[in-house]
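K.L.:
I'd like to ask some things about the structure below.
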Amino acid sequence: MAKEIERAGITTVLIAGLPEIARNIGVTRILKGHAVTAPTGNPDLSLDEEKMLRRKITETALKLLTTEVAEQLVVMKY
Amino acid sequence: MKEKVKAVHYINQFFAGLGGEDKAEMGLQARDGAAGPGVGLEKSSAGQLEIVKTIICGDNFFQSHREEVLAKIAKLVREASPDVFIAGPAFNAGRYGIACREAAEYVRAQSGIPTVTAMFRENPALGVRPFNTYVLPTEDSVLGMGRILPELARFACRLGAGESIGEAEQEGYFPRGFRYNVALRETAAARAVVMLKEKLGGKILTEIPLPAADKVTPPSPVADLAKATVVLATDGGLVPKGNPDRLESAYATKWFRYSMAGLSALEASRWESIHGGCDVTFINQDPHRLLPLDTMRSLVAEGKVGRLDDYFYTTTGNGTTIANAVRIGKEIAAKIKESGANAVMLTST
């Protein structure tokens, strides 16, 4: 999905449970999510901590959207 | 091939009969003898193949503890001293396919023991060549188990007996991406003339197939987030509870968009994930673990993001055929472009 949206010229960031697959496919902007079962959350945390984590992940993802990328940018932490 | 070929076999939690997605976090286990499809491998080898050890690991655990798991597998293989290492078959299971390939390549590199695995041609694990393992093609689901087991057993026996394996085209395994020098009778000039004649007749021959490079021009960064409209999208199969539009849980052919207008949060009572390829328990407890609506609402309220589009786009990324995935992607892209949004945040399980 990400590549087709990019092909249409729309800046995209992928928060991925499996960033390596996305890397191989050639998605431009990739951020590793927390886990396959919870890309933007962590059930082991309290709700407050989880919201803080979600915020960190989301803000990092937004940062990728505003970052100039020549070929590919894969970020593994937030 | 009179003596038995000794093998170590790697499978995941599901094929070991220990559970499905709920057991994907389980750690590594080892058993003497064959288990799961390994029993079938032995049976279809007419007594030639003996699986001395079966290594079982949860697909998620493999991903999150890769180094530890690979080291343990290498150790178990060293101790068992087999003639061949077999992994899978993984069919179209992405995480399992990756685990099979990585385990096989690691064992090969560490011990020199020949390795073979098997999976469907669209398995994401086949993404990048070269493979440092043999990979046999399978159907896209376990319905192909009956066909692959005797082939996998036969190939493993040949490897274990030290037989040399021919070219991919002849033998039927996926080309590994290695190029070997081969002496040919005809000169390059003679071969080129043959190829030119064929081309004039409309048939394209090539000695070096060019890889299908599908590159996308990286879109420019968003200039000012505070003025931008961001769209949320997911391939985690998030739908209104009850899945009214019947989005498929696997092999999706459809996509939908649903309105979040007026919602400050995604309540668990109103939304669910129908993704059939992973455990959706955590997402169903709190859909924000897949689609961060709550965070995006805050960011818009704080002025950090200009606007969040009312709609989120959804499909299921689980064994989607490449053809359908491209079509779905193009259709979603067209709709989003029509809406005039500047950027997309896509979350994926």
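The values are calculated or read from the model by the stated rules, or taken from the named source; none is laboratory data. Everything quoted here is computed from the prediction, not taken from an experiment. Glycine also receives a Cβ, built like all others from the backbone with ideal geometry; neighbour counts cover every protein chain displayed. Please note that ligands, DNA and RNA were not included when accessible areas were found on the heavy atoms of the full protein model with its side chains. Shrake-Rupley method; radii C 1.70, N 1.55, O 1.52, S 1.80 Å.
K.L.:
Let me make sure I get this right: for the range B:207-288, a, b and c are the square roots of the gyration tensor eigenvalues over alpha carbons, sorted descending. Under 1.5 in a/c it's rounded, otherwise prolate if a/b > b/c, else oblate. Which is it?
P.N.:
Judged from the Cα gyration tensor, the range B:207-288 comes out oblate (a/c at least 1.5, b/c at or above a/b).
K.L.:
Calculated from DSSP H runs of 4 or more alone, at -39500 (n - 2.57) each and per residue, what is the 222 nm mean residue ellipticity of the protein assembly as shown, nearest 500?
P.N.:
For the protein assembly as shown, the value works out to -10000 deg cm²/dmol.
K.L.:
Among B:Asn92, B:Ser64, B:Ser141, pick out the residue whose Cα is farthest towards the positive end of the charge dipole of the range B:45-148, where Lys and Arg carry +1 and Asp and Glu carry -1 on C-beta, about the Cα centre.
P.N.:
The residue sitting farthest along the positive end of the dipole is B:Ser64.
K.L.:
With angles folded into 0 to 90 degrees, how steeply does helix A:47-65 sit against the dominant principal axis of chain A? Use alpha carbons for both and round to 10.
P.N.:
Here the helix axis deviates by roughly 10 degrees.
K.L.:
Moving to a separate point now. How much of B:Met195 can a 1.4 Å solvent probe reach, expressed as accessible area in Å² and rounded to 10?
P.N.:
That residue has around 50 Å² of solvent-accessible surface.
K.L.:
Computed on protein heavy atoms with a 1.4 Å probe, what is the summed buried accessible area for the chain pair B and A, in Å² to the nearest 100?
P.N.:
By this definition, chains B and A bury close to 4200 Å².
K.L.:
Can you pull the semi-axes for the range B:284-349, root of five times each eigenvalue of the Cα gyration tensor, sorted largest first, whole Å?
P.N.:
Semi-axes from the Cα gyration tensor: 24, 17, 7 Å.
K.L.:
Let me ask something else. Going by a ≥ b ≥ c, the root eigenvalues of the Cα gyration tensor, does the protein assembly as shown fall in the rounded group (a/c under 1.5), the prolate group (a/b larger than b/c) or the oblate group?
P.N.:
Oblate, because a/c is 1.5 or more while a/b does not exceed b/c.
K.L.:
For a quick check, take a GNM of chain B with Cα springs below 10 Å and name the residue from B:Glu139, B:Glu105, B:Glu207 with the largest mean-square fluctuation.
P.N.:
With Cα springs under 10 Å in chain B, the top fluctuation among B:Glu139, B:Glu105, B:Glu207 is at B:Glu207.
K.L.:
Still on this structure, please answer the following. Residues with amide H under 5 Å of A:Ile15's amide H, sequence separation 5 or more or different chain, H placed in the peptide plane at 1.01 Å from N; which?
P.N.:
A:Leu31, B:Leu346, B:Thr347, B:Ser348
K.L.:
What is the Cα convex hull volume of chain B when expressed per residue in Å³?
P.N.:
Per residue, the Cα convex hull of chain B comes to 189 Å³.
K.L.:
Give me the log10 of I(q) over I(0) for the range B:218-345 at q = 0.18, 0.20, 0.22, 0.23 Å⁻¹, as the Debye formula computes it from C-alpha points; what are the numbers?
P.N.:
Summing over Cα pairs of the range B:218-345 leads to -1.01, -1.19, -1.33, -1.39.
K.L.:
Give me the aspartates and glutamates in straight-line cross-link reach of B:Lys304: C-alpha distance below 16 Å, same-chain residues under 8 apart excluded.
P.N.:
A:Glu59, B:Asp224, B:Asp294
K.L.:
Starting from the range B:178-238, pick out the trypsin sites (Lys or Arg not before Pro) whose DSSP state is loop and whose Cβ has at most 13 other Cβ atoms within 10 Å.
P.N.:
B:Arg179, B:Arg185, B:Lys203, B:Lys215
K.L.:
A further question on this structure: What is the distance in Å between the Cα centres of the range B:21-70 and the range B:284-349?
P.N.:
37 Å
K.L.:
Let me ask another. Is the shape of the range B:1-157 best called rounded, prolate or oblate, per the rule: a/c under 1.5 gives rounded, else a/b larger than b/c gives prolate, else oblate, with a ≥ b ≥ c the square roots of the Cα gyration tensor eigenvalues?
P.N.:
Since a/c stays below 1.5, the shape of the range B:1-157 is classed as rounded.
K.L.:
Run the numbers on chain A and let me know its relative contact order in percent, using alpha-carbon pairs under 8 Å that are six or more apart.
P.N.:
It rounds to 32 percent for chain A.
K.L.:
Can you list the DSSP H helices in chain B whose Cα atoms extend at least 15 Å along the helix axis and whose mean Kyte-Doolittle hydropathy is -0.5 or higher?
P.N.:
B:66-80, B:145-160, B:188-200, B:322-339
K.L.:
Once you charge only the Cβ atoms, +1 for Lys and Arg and -1 for Asp and Glu, what is the size of the charge dipole of the range B:44-197 about its Cα centre, to the nearest 20 debye?
P.N.:
The dipole magnitude comes to about 340 debye.
K.L.:
Not counting ligands, DNA or RNA, and with a 1.4 Å probe, what is B:Phe62's accessible surface area in Å² rounded to the nearest 10?
P.N.:
So the heavy atoms of B:Phe62 present about 0 Å² to solvent.
K.L.:
Per-residue Cβ counts within 10 Å, from other chains only, averaged over B:215-227: what number is that?
P.N.:
Average neighbour count from other chains, rounded to a whole number: 6.
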